[in-house]
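Encoded as structure tokens, the structure appears first; notes follow it.
The values are calculated or read from the model by the stated rules, or taken from the named source; none is laboratory data. Note that the structure is predicted; figures quoted are calculated from it, not measured. Backbone-built Cβ (ideal geometry, glycine too); neighbour counts: all protein chains shown. When the accessible area is computed, the model is the full protein with side chains, heavy atoms only, and any ligands, DNA or RNA have been set aside. Shrake-Rupley method; radii C 1.70, N 1.55, O 1.52, S 1.80 Å.
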Amino acid sequence: MSMTLQKSKLWESLPLPQGPLAGLQSKARKSLESIGFPVSSEEAWRLTDLKLIEEIFNFSALSRSSNLHHVKEFAMPSPPKDGFRLALYPGLDPLSLRPLPDGFSLLDSSELEKTLGRTLKRCGCSQDWPVILNNSCTDNVLALRVKGSDLPSLELVLQGFSGELASSRVILLLEENTQLNLLQVCLGLDQSAHSHLIEIFVGCNASLNHEWLALGGGEASCLANIAIEQEPQSEYALTCVQQGWSFSRLEPYIVQLGGRANTKLRGLQVADHGNQISTNSKIRFDGPEGHLHQIQKGIAAGTSHSIFNGSIEVPQAAQRTNAAQLSRNLLLSNRARIDAKPELKIIADDVKCTHGATVTQLQEEELFYMLSRGIGQTDATKLLLKGFCQEITYSLPISAGRWKVLDQVLKNLRVE
């Protein structure tokens, strides 16, 4: 690469380690200095345009000392009526404007020390490059314990700032029998970048419905890691939508600690112009009778690149696992590119595991049928694209409709 990490604008603008994560910052920076940038010889980065990683280091670090007078750059809908919103900005207390409702509490310092990084280690991603980058830049963490079955939904908003990298970190501990709806919205502005990391523990008989909406714009970039550990009898459902980013890389890592848990993953990524949008998921079963249903959809238009790499690990202890993974993709331009790489790593001998991947174009027969019924070419195309996306977006909660997700996804999408 033409730029060295130590001479980059981001690295030189990092403040001295501070806050509750100061020790972690120091350790991670030494590690990142030693590692440098990712290289294409590593399988995890083989398909990535590494110049886009280098461009992130052209931003300044957004820290506690940054001037946040432009916090309201992005127009947002009103907070959910059945929940509460927290906005995560470096240096600003997300709880300064309102207290936590019943059922939510902050982890104290000793609990944070025991919990920080635990889920990352159990998921096997604590030494991944995006995680080390986040550890290097983030100086604070929102760490919550959640308990109860009749809780308000939680909405976390992350916003970009022009010319800067915003980094954030969240920990959620769901106790036994807890039920929670979590909506995370990451907003990208032109010439901005995000680094986000969330660790979630889902206790026995607990249920989490988790939505990740990454709505970018212009030359914005986003690196996001989601690490989940599930206890037996728990349920975790994740719906992800990525759109509008120059570069976006989402990495959901999930481990079922003792099996006998249920996991549902739904993803939609839409790439246009010269964007590169990727999802790299890994699910591991550490016990028997676990269930997984995963469907990932991608759309690539213009000169964009859509990537899906999904790994499912079924060791010997995970007998009677039932896992299904499907990647479906639409190619809207002969100049765009789609890479889909589903993987099964099975050691157990009594399992039911399937995977598959398809890449197609809009069906001429379907278009012809609508045209013959008097529907114009543009409207017919939009209807087909809308139907393709709705299999994923239908699972979003009603409250997510305030963000007009489907409108964002289909806006300015070109078919060649």
### Query
So what's the projected area for the stretch 257-318, the Cα convex hull averaged over all directions, in nm²?
4.0
### Query
Given a 1.4 Å probe and the protein chains all in place, what does the accessible area of Met76 round to, in Å² to the nearest 10?
70
### Solvent-accessible surface ranking, highest first, for Leu5, Leu410 at 1.4 angstrom
Leu410, Leu5
#### Entry: Solvent-accessible area per residue, Å², over the chain with all protein chains present [probe radius 1.4 Å]
42
### Task
Would you tell me the accessible area of Lys7, worked out with a 1.4 angstrom probe on the heavy atoms of the protein chains, in Å² to the nearest 10?
150
## Note on the structure
In whole angstrom, largest first, the equivalent ellipsoid semi-axes that the Cα gyration tensor gives for the stretch 244-353 are 31, 12, 10
#### Entry: Prolate/oblate/rounded label for the stretch 372-416 (Cα gyration tensor, a/c 1.5)
prolate
### Query
If amide H atoms are built 1.01 Å from N in the plane of the peptide, which residues on other chains or at least 5 residues away come under 5 Å of the amide H of Gly216?
Gly188, Gln243, Gly244, Trp245
### Query
Rounded to a whole number, what % of the accessible area of the stretch 321-365 do carbon and sulfur atoms account for, probe 1.4 Å?
46
### Task
Using only the Cα atoms of the stretch 56-196, build the gyration tensor, take square roots of its eigenvalues as a ≥ b ≥ c, and label the shape rounded, prolate or oblate: rounded if a/c is under 1.5, else prolate if a/b is larger than b/c, else oblate.
oblate
### Summary
With N residues in the stretch 185-278, Rg(alpha-carbon) / (2.2 N^0.38 Å) equals 1.19
### Largest to smallest principal axis extent of the C-alpha atoms in the stretch 342-388, angstrom
54, 14, 13
### Query
Where Rh is the Kirkwood radius over the Cα pairs of the stretch 143-219, the temperature 25 °C and the viscosity 0.890 mPa s, what D in µm²/s does Stokes-Einstein return?
182
### Task
Counting residues in the stretch 107-259 as N, plug N into 2.2 N^0.38 Å and put the Cα Rg over that result.
1.02
### Query
Using the reciprocal of the averaged 1/r over all distinct C-alpha pairs, how large is the Kirkwood radius of the stretch 290-416 in Å?
16.8
#### Entry: Largest to smallest accessible area among Asp49, Asp150 [probe 1.4 Å]
Asp150, Asp49
### Size descriptor, Kirkwood hydrodynamic radius, that averages inverse alpha-carbon separations across the stretch 91-138, Å
13.2
### Summary
Note on the stretch 106-171: the mean projected area of its alpha-carbon convex hull, in nm², is 6.0
### Query
Ordered by residue, what ³J(HN,Hα) values in Hz, to whole numbers, does the stretch 241-246 give under the Karplus form 6.51 cos²θ - 1.76 cosθ + 1.60, where θ = phi - 60° and Gly and Pro are x?
10, 10, 7, x, 8, 5
### Task
Take every Cα-Cα pair in the stretch 13-59 and report what % of them are more than 17 Å apart.
50
### Query
Along the charge dipole of the chain, Cβ charges K/R +1 and D/E -1, which of Val141, Asn412, Pro15 sits furthest on the positive end?
Asn412
#### Entry: Most fluctuating residue given options Leu265, Leu32, Leu367, as computed from a GNM of the chain linking Cα atoms under 10 Å
Leu367
### Cβ-based charge dipole, the chain, positive-most Cα from Ser105, Phe57, Gln179
Phe57
### Message
Could you work out what % of the accessible surface of the stretch 207-283 is carbon and sulfur, using a 1.4 angstrom probe and leaving DNA, RNA and ligands out of the count?
### Response
39
### Query
Semi-axes of the equivalent ellipsoid of the chain: what are they in whole Å, largest first, if each equals the square root of 5 times a C-alpha gyration tensor eigenvalue?
31, 27, 23
## Note on the structure
Surpassing 24 Å at the alpha-carbon level, of the pairs Lys9/Lys121; Lys7/Lys30; Lys282/Lys404; Lys147/Lys297, are Lys9/Lys121; Lys282/Lys404; Lys147/Lys297
### Summary
Its Cα gyration tensor gives the stretch 5-139 an equivalent ellipsoid whose semi-axes in whole Å, largest first, are 29, 20, 17
#### Entry: Using θ = phi - 60° and Karplus 6.51 cos²θ - 1.76 cosθ + 1.60, couplings along the stretch 294-300 (whole Hz; Gly, Pro as x)
10, 10, 10, 10, x, 10, 10
### Message
Can you give me the orientation-averaged projected area of the convex hull built on the Cα atoms of the stretch 227-288, in nm²?
### Response
3.9
### Task
About the Cα centre of the chain, how large is the charge dipole given +1 on each Lys and Arg Cβ and -1 on each Asp and Glu Cβ? Please answer in debye to the nearest 20.
260
